[in-house]
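Note sheet for the following structure.
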Amino acid sequence: TIDLVKQHFPDLPVRVGDATALDVSDGSYAGYFSLGVVEHREQGPQPFFEEAWRVLAPGGVAIFTVPCFNSFRRLKARLGFNRDSAEDRDFYQYAFAQDEFMELLRAAGFVIADSSKFDPIKGLKDEIPVLGRILRWRLMGWRLNRILDRMFRAFPELADSCGHMLLVVVQKPET
């Protein structure tokens, strides 16, 4: 990916690095994006938060996205309808409840500015595989997708209960 970016945008300063040990000075950035990264460390996301804190300037803003352990997923888990047992395979990623993830960010020193869940249709497709197959059908799929989209727009609390991803905007305090 980096090679492709450099090929098409040679002046863009893009490089490969370890997200827990960036090769920049403390306080180098006013903004920090972590899109679908921190959930992939089995021991937890703390080293990613520590590094984001280090490289952000005071008052800097960070945006994190992680898979959301939403209401629908929690209900499935309580009822024993998980698709696979975690014991059957290697660790891949965590899904976080909104309050849980925001508390981890607060514990790292960040101030929560905003949070939201998004992509409820993907959340449903992931948890109801037959729905994912139906949504790919040529004649019926696009219609059902539109119906679901309208339903989620009309009932935001329903969309919230199925949101696939969680987005949290945080700020590093000025002092």
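What is the dipole size for segment 12-95, taken about its Cα centre, with +1 at each Lys and Arg Cβ and -1 at each Asp and Glu Cβ, in debye to the nearest 20?
Dipole about the Cα centre, nearest 20: 500 debye.
Relative contact order for segment 101-166: what is it in percent, counting Cα pairs under 8 Å that are at least 6 residues apart?
Relative contact order here is 46 percent.
What are the aspartates and glutamates whose alpha-carbon lies under 14 Å from the alpha-carbon of residue 122, with same-chain residues fewer than 8 places away excluded?
Here the aspartates and glutamates satisfying the reach criterion relative to residue 122 are 149, 160.
Taking the Cα centre of the chain as origin and charging only Cβ (+1 Lys, Arg; -1 Asp, Glu), how large is the dipole, in debye to the nearest 20?
Dipole of the chain, to the nearest 20 debye: 1140 debye.
Could you work out the longest stretch of the chain that avoids the chymotrypsin sites (Phe, Trp or Tyr not before Pro) located in DSSP loops with at most 14 other Cβ atoms within 10 Å?
1-80
Once neighbouring chains are kept in place and the probe is 1.4 Å, which whole percent of the accessible area of the chain is contributed by carbon and sulfur?
Of the solvent-accessible surface of the chain, carbon and sulfur hold 55 percent.
Under 21 Å Cα-Cα from residue 117, which lysines qualify once same-chain neighbours fewer than 8 residues away are excluded?
Those lysines meeting the cut-off are 76, 125.
Tell me, what is the percent relative contact order of the chain, built from C-alpha pairs under 8 Å that lie six or more residues apart?
Relative contact order of the chain: 28 percent.
I want the local charge near residue 110. Using Cβ-Cβ distances under 14 Å, sum +1 for each Lys or Arg and -1 for each Asp or Glu among the other residues.
Local charge sum for residue 110: -2.
For the chain, find the longest principal axis of its Cα atoms and tell me its angle to the long axis of helix 98-107, 0 to 90°, nearest 10.
10 degrees
How far is the Cα center of segment 57-131 from the Cα center of segment 1-23, in Å?
Measuring centre to centre over Cα atoms gives 27 Å.
Bin width 5 Å, alpha-carbon pairs only: give the P(r) of the chain as whole percents, running from 0 to the bin holding the largest distance.
1, 7, 13, 16, 16, 14, 13, 11, 6, 2, 0, 0
The values are calculated or read from the model by the stated rules, or taken from the named source; none is laboratory data. All values derive from a computational prediction rather than experimental measurement. Counting neighbours? That spans all protein chains shown, and the Cβs are built from the backbone with ideal geometry, glycine included. Heavy atoms of the whole protein, side chains included, go into the accessibility calculation; ligands, DNA and RNA do not. Shrake-Rupley method; radii C 1.70, N 1.55, O 1.52, S 1.80 Å.
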